[in-house]
Amino acid sequence: MRLICCAAKKQGMSNAVRVSHTAPVTFDRVASEYERTRPLPDKIGESVARYIVSLLNKREWMLDAGCGTGRFTRPLARRHDRVVGADVSREMIARLREEHAPFREPLLVRADLRDLPFPDAQFSIVLTVHVLHLIAEWQTAFAEMWRVLEGDGCLLLGYEDRSVSAVRDFYLTEGRQRGLLPAAPGTRDTQGVLIPFAQEKFGVTQIEEVSLPAWRWKTTTPVSQLLTDLDARLYSSQWGIAGDAHEQLMERTRQNVRNIFGAGYETAHETITTRFVLVVLRKPDPDPATG
Ligand SMILES: C[S@@+](CC[C@H](N)C(=O)[O-])C[C@H]1O[C@@H](n2cnc3c(N)ncnc32)[C@H](O)[C@@H]1O
């Protein structure tokens, strides 16, 4: 454990991120807006954290890989002392610190998931939520998270399964269908890509999908706010789009919104239903007798 602390402290104080891959997609530019546009009610974060902590004993360490502003790191660190958050974005980590300020801080490390600054087999749990779609070399990041996980530990792949938005999803679907939006560099396909990868590459056999009834919620947002956020390109899928293509998609989205919500769409609200899902992949224990 001393090794984790040393590596984390060293890396946390250093400005250098040891990367020789493509430039990472950091969220520096949206750090202040991130949690408003990806709302996670406190009680859901608390319930997810309770579940994850129930998989750990007091002495075990866990890593939130690509922790961002700490939507999950914060409730985790309030319940468990040995939580490390790693993210490539300085601004997201700074935000996490501010939000978590009244509590004892988890260990926070500025690091790239493709080159984690931790020795092998240090963590009993590695959690990652909404990160692998951002990383072109997602296989490398996956292998790194697997490397730092101990035998019989669990890699938790988390995602939010949302109902379709007439604003955001319309824009994204139209953009993809018309070839205006670049594809995500990595993959968000847990069932079709990530699980088969874990099975083939790492011999994973124990896989469980967990989504408790309490992990469902509704978010109601003014349509005008959704349009403003989309126009401000607050979503990572929009960051590579050309200006004129963006204008074209915004126009089509406004038209769609008018069709659905009518002329008074400026005062309408959209309600989205979300459920949080954790896919739990257990790492085979190389030597179960010593476990
Ligand atoms: C969509 S946010 C998810 C944050 C958090 N897991 C959550 O669910 O709120 C993606 C995060 O991944 C980070 N990220 C992207 N590429 C990364 C990389 N190669 N290494 C580490 N972090 C990365 C971004 O800076 C950002 O904070």
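Please treat every number below as a calculation from the coordinates, not as lab data. What you are looking at is a predicted structure, and each value in this text was computed from that prediction instead of being measured. Cβ placement follows ideal geometry from the backbone for every residue including glycine, while neighbour counts extend to all protein chains displayed.
Only the Cβ atoms of Lys and Arg (+1) and of Asp and Glu (-1) were treated as charged; on that basis the dipole of the chain about its Cα centre amounts to roughly 560 debye. Site pair Thr267 and Thr228 shows an inter-label distance of 1.7 nm when each label is modelled 7 Å from Cα along Cα→Cβ. Counting only alpha carbon atoms, the long axis of helix 243-261 and the longest principal axis of the chain meet at about 70°.
With a Förster radius of 30 Å applied to the C-beta separation of Glu99 and Asp287, the computed FRET efficiency comes to 0.15.
Can you tell me the orientation of helix 2-13 relative to the chain, as the angle in degrees between its alpha-carbon axis and the longest Cα principal axis, to the nearest 10? Compared with the principal axis, the helix lies near 40 degrees.
Select from Thr73, Thr22, Thr253 the residue whose mean-square fluctuation is largest in a Gaussian network model of the chain (Cα-Cα springs shorter than 10 Å). Taking springs between Cα atoms under 10 Å, the residue moving most is Thr22.
Considering only Ser224, Thr205, Thr187, and ranking their Cα positions along the charge dipole of segment 147-233 that arises from unit charges at the beta-carbon of Lys, Arg, Asp and Glu, the one farthest toward the positive end is Ser224. The charge dipole of segment 179-289, taken about the Cα centre with unit charges on the Cβ atoms of Lys, Arg (+1) and Asp, Glu (-1), comes to about 200 debye, rounded to the nearest 20. Here the Karplus curve 6.51 cos²θ - 1.76 cosθ + 1.60, taken at θ = phi - 60°, turns the phi angles of segment 206-222 into couplings of 8, 10, 9, 9, 10, 8, 6, x, 6, 8, 10, 7, 10, 10, 10, 9, x Hz, with x standing for Gly and Pro. Estimated from helical segments only, the mean residue ellipticity of the chain at 222 nm is -10500 deg cm²/dmol, where each DSSP H run of four or more residues counts as -39500 (n - 2.57). Placing a pseudo-label 7 Å from each Cα along the Cα-to-Cβ vector at Ala214 and Arg50 gives an inter-label distance of 0.2 nm.
Taking the chain as the region of interest, the number of lysine pairs whose Cα atoms are within less than 30 Å, with members eight or more places apart or on different chains, is 9.
Helix 90-100 and the longest principal axis of the Cα set of the chain meet at an angle near 80°.
Neighbour counts of other Cβ atoms within 10 Å put Phe170, Phe72, Phe261 in the fewest-to-most order Phe261, Phe170, Phe72. What share of the DSSP beta bridges in the chain is antiparallel, in percent to the nearest 5? The antiparallel proportion sits near 55 percent.
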